[in-house]
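Below: the structure, in structure tokens.
The values are calculated or read from the model by the stated rules, or taken from the named source; none is laboratory data. Since the model is a prediction, treat every value here as computed from it, not as a measurement. FYI the Cβ positions are ideal-geometry reconstructions off the backbone, even for glycines, and counts take in every protein chain you see.
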Amino acid sequence: MDEVIIKKVSEKVKKFGVATIQNFLNLTNLELIDRTIAKVKTESVGKGDYRGVYPIGLKSNLIKIIKFEFNKIRKVLILKKIAEELKLRQIAEKIFNTNVQLHMIDSYYSEKSDKNIADWHCDMSGLFYNVKKKDLDDASVKFFFYMTDVQSSNGCLAYIPFSHHVVKALIILVRDKKVEYKPRWKLEDLCKQVSESSTKDLIENATGVEKLNIFLNNSKFIEKKKILLNLICK
């Protein structure tokens, strides 16, 4: 990946919160990864299962050596080499404008489905409890690689544009005690609060009217889903 593409991808992530690159893996890397994580599929390793996690830190790898789990270490080295070839670190550093390091590698298997694998939620919800400036600055960027073709109807990750700007602004308002803390892991809870007149005005000042409106407009499907559910239940 050349510098021009790295710049375009990083700028898109900074603005929208997400960027999609089709056919990011070449055939050689695709086949190599497929062989390396083959057990994830054959053993149906689900999300959060430690069998799909590959140790990065020195301590974790020392434990693997003590346990004679050399195959796991070999897999880590293969995956880290591919990450270097794809210049993932350079992309992340362009996004954050600072040095970064690989924090975690994990993998999991999901059956194709037209239903949500996970409910719509806010990944940064944990920061509402006790946030410090460094917590917002020490952010992370995730690189997802699908080993099979996916669309929005069969398991592809979905993301709401500008949500990272809205959530960060709300976290800062809660931290500064300008907005009351409320549980907001679910998307509908988040939308409800940022739509309240007093909170909405403060977020608009932080993000701009356009970004907030785009986020809210792209979140309207939640309300439509609730209306449909109510009709079914009556």
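Here are a few things to note about the model shown:
- Restricted to helices (runs of 4 or more DSSP H) entirely inside the stretch 154-218, those with at least 2 residues that are among the β-branched types (Val, Ile, Thr) are 163-175, 197-207, 209-217.
- As a summary of the residue check, Lys41 satisfies the conditions (1) under 18 Å from Tyr146 (Cβ atoms); (2) basic (Lys, Arg); (3) in contact with a Ser or Thr (Cβ under 8 Å, 6 or more places away or on another chain) except for the one numbered (3).
- Hits in the stretch 12-45 - residues which are exposed (fewer than 14 other Cβ atoms within 10 Å of the Cβ) and either farther than 15 Å from Phe143 by Cα or in contact with a Pro (Cβ under 8 Å, 6 or more places away or on another chain) (or both): Asn26, Leu27, Thr28, Glu31, Arg35, Ala38, Thr42, Glu43, Ser44
- When Gln101, Gln90, Gln151 are checked against the criterion of being within 19 Å of the chain's Cα centre (by Cα), assigned to a loop (DSSP other than H, G, I, E, B), on the phi < 0 side of the Ramachandran plot and modelled with pLDDT of 80 or more, Gln101 stands alone in meeting it.
- Scanning the stretch 33-66 for residues that are out of contact with any strand residue (DSSP E or B) (no Cβ under 7 Å at 6 or more places or on another chain), without any contact (Cβ under 8 Å) to a residue 60 or more places away in the chain and either aliphatic (A, V, I, L, M) or at positive phi (or both) yields a total of 6.
- Candidate set from the stretch 174-190 (those that are of a type outside the set (D, E, K, R) and more than 19 Å from the chain's Cα centre (by Cα)); member that is surrounded by the fewest Cβ atoms within 10 Å (Cβ to Cβ): Pro183
- Per-region count, the stretch 46-63, residues part of a helix (DSSP H, G or I), among the hydrophobic types (A, V, I, L, M, F, W, C) and buried (at least 16 other Cβ atoms within 10 Å of the Cβ): 0
- Taken over the stretch 69-87, the criterion of being farther than 15 Å from Met1 by Cα and either in contact with a Cys (Cβ under 7 Å, 6 or more places away or on another chain) or not in a helix (DSSP H, G or I) (or both) is satisfied by Glu69 alone.
- The residues of the stretch 85-114 that are in contact with a Gly (Cβ under 6 Å, 6 or more places away or on another chain) and farther than 14 Å from Lys47 by Cβ amount to a single one, Lys112.
- For the stretch 1-28, the tally of residues that are modelled with pLDDT of 90 or more and either outside the structural domain of Lys81 (by TED's automatic domain parsing) or more than 22 Å from the chain's Cα centre (by Cα) (or both) stands at 3.
- Condition check for Val167: modelled with pLDDT of 85 or more, touching a Cys at 6+ places or on another chain (Cβ under 7 Å) and surrounded by 15 or more Cβ atoms within 10 Å (Cβ to Cβ): yes
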